[in-house]
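Have a look at the structure below before the remarks.
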Amino acid sequence: MNKKAFAGLFLLIVIGAAAFRLIDLGLRPMHHDEANQALKCGALLERGEYRYDKADHHGPSLYYLSLPFARVLEAGTLAALDEKTLRLVPACFGLGAIFLLLLLVPIIGKERVVWSALGLSVSPVMVYFSRFYIQETLLLFFLAGFIAALWRYHLNPSWGWAAAAGMFAGMMYATKETSVIAFGSIAAALLLTRLMTTKAREKKGTRWAHLFVGVACAVFVSLVLFTSFFQNPRGFFDSILSFRIYFVRAGETGFHVHPWSYYLQTLAFSKPGTGPVWSEALILILAVVGIAASFKLRPDKPERLFLIFVSFYAAISTGAYSLIPYKTPWNVLPFYLGFVLLAGNGATALLRASKSRAVRAAFCLLLAAGFLHLAAQARSAALVYPADPRNPYVYAQTSPGFLQLVQRVEDLAAIHPDRKKMFIKVIAGPYETWPLPWYLRRFGRVGYWTSIDEAGRPGAAAVIITDTEQAGRLESLLNSSFQSEYYELRPNVFLVLHVRGDLWDEYLKSRTGKVNER
Amino acid sequence: MKKTVVFLLGISAFAGILAFARPTPAQEQGKEELKLLLPKPMFIGTPRNINSPNLEKITGKPRGAIFVPAGTKLVSLNKPVTASDMQPVIGEVGFVTDGEKAGEDGYFVEFGPGKQHVQVDLKASQPLQAILVWHYHSQARVYRDVVVQVSDDKDFVSGVTTIFNNDHDNSSGLGIGKDKEYIETFEGKLFDPRGTKARFVRLWSNGNTSNDMNHYVEVEVYATPAK
């Protein structure tokens, strides 16, 4: 493949990937995890406050890396932030991960990079979570950078690549605690690769000074972020202590426990309810071909070592993630990167398998059809079924119907004398409270309680939002002068909005000019 | 003291006699229990018990027996159905009265977004005793602006009786309803037409808490023969 063809194809892939990742980012209601992260980001943006919490919320990189986006888009406060601004962060890092594949050109060649980039750009799971304001896409980006820098160092040992690998590793650690699974998988894959290729070991020795630079960069980057730029020295130690918490959580029973086959099954074939069939089987099959092709490459081929390493990495990390009972669909990304790279090798191997132009053209057409099908699914996942349970990547997602509650509260505030300072009581358990704090961030007087006992009588509250358990306990405090309505927070989870009678009557008048009586 | 005891005993005896004398629903003259064939429940756990003045009471217990005049029978089975959206997104209009009440996929009809209605033609005007509706019960949902009307006029221009209306903000424009919102379950929602004589039953809805679409698994209309 010549330079011009490569540049043209890569540009087309990037344009397509950008379209999937950037169009209509505000379409999906905020997931409760996104809302949580958004408020942490808002506190950092508004007040410069960030302290690493070893029990929850993961690493600090997402919040710090959101700041430039917020400032460029002139969102200086939590209230000024919106879904599009926040989701632009993972979207850009998702796009960035594709650019990072360019670092692999000297290692595996242009053709494999093009196919891998195509896979990364149209994979439905990659697209869907590139539009999700959580840490996973950032982890994917830094992981891609770490692997690329590591192998560029292997090709050409230098201070620069050692430092780059260290920086990427440090950012991985500062992004999410699960980075240790990737580190462990990479270490095991490197070990297995070296065991298989003794010649390589003889050729290149370890340069301890470079190793020191890499480790120092990793520690420095993570130290800076976990300590909130040295304002909270405990943060770094807490990041180490957090492993005990996450280790316990990984084995806990509950909503997030799924069978070992959950990830592979979801990727291979899903058909939730009456929805369409979802499948990334093309990437999985090409990856299997890619693994076989890697081991069949002649030992003198420079790409062989890297592709064998990626094969081991993909197998080990998939096994590790699958064995952990606690599973969420976004955890697919770090190990699926290996599959995407191997699929690039698989596609290349298939096209090189025959010398006949006709056969190669037929393979090319088949692959193009397969990738088009992936692109169509990516579009459906991101734009047609972004919050629909018939999409396998929709997980504990806030229902679109929840936005009707937000709209109702906004409409009520518009006619309330105190406007956005209207007193709102939210009485709900923690799992039923989010993402309300995000959607009510522009209201000045919102109180949060977990039970009626703590919240007391309605008092001056014009609006009370409760979960169904607290709604059932409200009767002794609430009288029929409150109008109550159900709203779906998530499938099978309701919130109840209670509106004080006088405000409700005013609201009806504002809608129709007069209250229509039957 | 003695007089007080005698007085209290007298009151208690009188109350006891009254209590025994008051007929239980099953004993109400000429009434019998409506035998219903319910589909299997599709979800458990939600909703929790709710006892709010403004929402349908949820006790977590079965609905209990429904008593109707003797001779009441199902009159809607396989009767013609029309809809405001005659090209459903999923399923067929005929699903509404086909007698299949299962909550699984393949048993419900999905109509377009916003305000929609279905209308059952019972083929004869007769005293309606019970209307049971299953919108969708594989997931806990609340359907918006549920309005149930009956009439002898197929166009619902004249002689319209509204049996139920929970459109509390008049967003469907059929008038403000004072009935309460309710969560769909496998038991279906029972509407009491109180013997209103009608040939046509029209049911409105305006999306639901999950999405903007309108669904029906089944509508059952029970009536006594017209005299």
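Quick note: the coordinates plus some simple rules give every number you see, no bench work behind them. Bear in mind that the values here come from a model prediction, so they are computed numbers and not experimental data. A quick note on method: Cβ atoms are made from the backbone with ideal geometry, for glycine too, and the neighbour counts reach across all protein chains shown.
Computed values, structure above
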{"quantity": "Out-of-range pairs (alpha-carbon distance over 21 Å; input B:Lys35/B:Lys73; B:Lys40/B:Lys123; B:Lys197/B:Lys227; B:Lys154/B:Lys197; B:Lys73/B:Lys123)", "calculated": "B:Lys40/B:Lys123"}
{"quantity": "Top positive-direction residue, dipole computed over chain A with Cβ charges, set A:Ser294, A:Gly214, A:Phe20", "calculated": "A:Ser294"}
{"quantity": "Length gained when the stretch A:Val359-A:Arg244 is fully extended (0.36 nm per residue, less Cα-Cα span)", "calculated": "35.9 nm"}
{"quantity": "Point-to-point label distance, A:Asp24-A:Thr450, nm (Cα→Cβ direction, 7 Å offset)", "calculated": "3.8"}
{"quantity": "Net lengthening on full extension, A:Arg511/A:Lys301 (0.36 nm per residue, minus Cα-Cα)", "calculated": "68.3 nm"}
{"quantity": "Residues of type lysines that B:Lys178 reaches as a straight line, Cα spacing below 22 Å, ignoring anything fewer than 8 places off in the same chain", "calculated": "A:Lys509, A:Lys514, B:Lys57, B:Lys115, B:Lys189"}
{"quantity": "Cβ-derived FRET efficiency at R0 25 Å, B:Leu77 paired with B:Asp192, nearest 0.05", "calculated": "0.80"}
{"quantity": "J(HN,Hα) series, segment A:235-248, from Karplus relation 6.51 cos²θ - 1.76 cosθ + 1.60, nearest Hz, glycine and proline x", "calculated": "x, 5, 5, 4, 5, 6, 5, 4, 4, 5, 5, 5, 5, 5"}
{"quantity": "Helix A:332-353 axis, angle to chain A major axis (alpha carbon atoms, nearest 10°)", "calculated": "40"}
{"quantity": "Formal net charge of residues neighbouring A:Lys271 (Cβ-Cβ distance under 11 Å; K, R +1; D, E -1)", "calculated": "0"}
{"quantity": "Helix A:208-226 axis, angle to chain A major axis (alpha carbon atoms, nearest 10°)", "calculated": "10"}
{"quantity": "Under 5 Å, built H, 5+ apart or other chain: amide partners of B:Phe186", "calculated": "B:Met42"}
{"quantity": "R0 of 45 Å, Cβ-Cβ distance B:Gln87-A:Lys84: FRET efficiency to nearest 0.05", "calculated": "0.80"}
{"quantity": "Isotropic mean projected area of the C-alpha convex hull, the protein assembly as shown (nm²)", "calculated": "43.1"}
{"quantity": "Pairs beyond 31 Å (Cα-Cα), from A:Lys271/A:Lys425; A:Lys84/A:Lys110; A:Lys4/A:Lys301; A:Lys84/A:Lys420; A:Lys84/A:Lys176; B:Lys31/B:Lys79", "calculated": "A:Lys271/A:Lys425; A:Lys84/A:Lys110"}
{"quantity": "Karplus (6.51, -1.76, 1.60) ³J(HN,Hα), θ = phi - 60°, over segment A:255-260, in Hz, Gly and Pro reported as x", "calculated": "4, 8, 7, 9, x, 4"}
{"quantity": "Those aspartates and glutamates that a straight Cα-Cα span of less than 17 Å connects to B:Lys61, excepting residues fewer than 8 apart in one chain", "calculated": "A:Glu469, B:Glu184, B:Glu187"}
{"quantity": "Residue-by-residue Karplus 3J(HN,Hα) for segment B:108-117, coefficients 6.51, -1.76, 1.60, Hz, glycine and proline x", "calculated": "10, 10, 10, 9, x, x, x, 6, 9, 9"}
{"quantity": "Contour minus Cα-Cα distance for A:Asn2 and A:Ile285 (0.36 nm per residue)", "calculated": "99.1 nm"}
{"quantity": "Length-normalised contact order of segment A:54-132 in % [C-alpha pairs under 8 Å, at least 6 apart]", "calculated": "31"}
{"quantity": "Under-5 Å amide H pairs with B:Phe67, H placed in peptide plane, nonlocal only", "calculated": "B:Leu34"}
{"quantity": "Around B:Asp152: net Lys/Arg minus Asp/Glu count, Cβ-Cβ under 13 Å", "calculated": "+2"}
{"quantity": "Net charge of Cβ neighbours under 13 Å - reference A:Ala5; Lys, Arg +1; Asp, Glu -1", "calculated": "+2"}
